[in-house]
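Notes follow the structure.
Just so it is clear, none of the values below were taken in a lab; they were calculated from the coordinates. Remember, it's a predicted structure, so these values are computed and weren't measured experimentally. So basically every Cβ, Gly included, is an ideal-geometry build from the backbone, and we count neighbours across all protein chains shown.
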């Protein structure tokens, strides 16, 4: 029986996605679980797997179309199977709803008169280098990086002038022209040196990722009553053990400070189910699994990747999985499972020499841990001043779910693993 593949919901607050590329074409066979298409969300470009096996009978939207979640995007069925009227009509109806942006549906779209029209050909223009950040999709950035294309000289045709996949393809195929503003400048020896000018104001449109961050963080700070508890940890044994462990590992498998912290947090959360929970109406959902989200800096914003069942995994497995997911996130090629299902988050700015900070809770979670740098500082012990390793961390907690005393006990219990790190290896 023919099955309709719909636009999946690939994030907590995802409302729509852009179909970046069809991996399979009409008439090709596909198995359940095979990659059917690449979808760009607010966060990244992800691969969408087929939920059925058979032949790709019909692709319902064109590459570049913005499609709401739940809307049909393709039909998979038998080679000789007759597609029912109900399936076809439902798909066609949804197809018209998806055509709300300049991108078109695969089989064209209707103008105000109702007559089918074809999308105008894309003419790629090279412009003078842009000043400031360049707006481009994660896939376009990866393609440009691989092909050594200067994004600052590419004119975007996506929403708000954003550079998308087809713009890079047009640049690579040579289908573009120079504008007057991009003509080579005269030789410097014939140019008079002008007085220094103050940079002019610039109005930019945030990327989808930055818009999503702004929306979710504003919602979190205005609807979630945050409170904060900070603690300073003795890290001498921790740093010594990490150095010793990494001496036995190759460079690409060395365990980071953050890997140890993620494992320590996961083990501590076993004792504090309230902090591994989510508020649902007037009830609190205490998660059975401990899935620690790790904040990763990506181009244009921040993304949280998720280590599943973190409390049950050895350090090396946590480290290798987080490295792989972080690499995919920075390349704009995360998988849906990479960014879904976190129950608690860790945001670590220690690599930027940050002493201490407080993070905003990532809804619908109840808490997040902000981690600063591990530093060698003067410390007083037994009436003597000496040099020791110290690290500060701050937990942000939803006051509707927990209170200061419980958060303080959580931070104290976390010290068991950070200050006696052999516990993380047994």
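A few remarks follow.
- Of the peptides 229-238, 259-268, the order by per-residue mean of other Cβ atoms within 10 Å, starting with the highest, comes out as 259-268, 229-238.
- Cα-projected label distance for residue 79 with residue 252, points at 7 Å along beta-carbon direction, nm: 4.1
- Order by protection proxy (mean Cβ within 10 Å, highest first), peptides 63-71, 302-310, 134-142: 134-142, 302-310, 63-71
- Rounded to the nearest 0.05, the FRET efficiency derived from the C-beta distance between residue 227 and residue 377 at R0 = 22 Å is 0.25.
- A simple spin-label model places pseudo-atoms 7 Å from Cα toward Cβ; at residue 337 and residue 198 they are separated by 5.6 nm.
- Residue order, fewest to most beta carbons within 10 Å, for 83, 213: 83, 213
- Per the Debye calculation on the stretch 225-425 with a single equal scatterer at every Cα and no solvent contribution, log₁₀ I(q)/I(0) for q = 0.12, 0.13, 0.14, 0.18 Å⁻¹ amounts to -0.59, -0.69, -0.80, -1.33.
- All alpha carbon pair distances within the stretch 278-388 were sorted into 5 Å bins beginning at 0; the resulting P(r) in whole percents reads 2, 11, 16, 19, 18, 12, 8, 6, 4, 2, 1.
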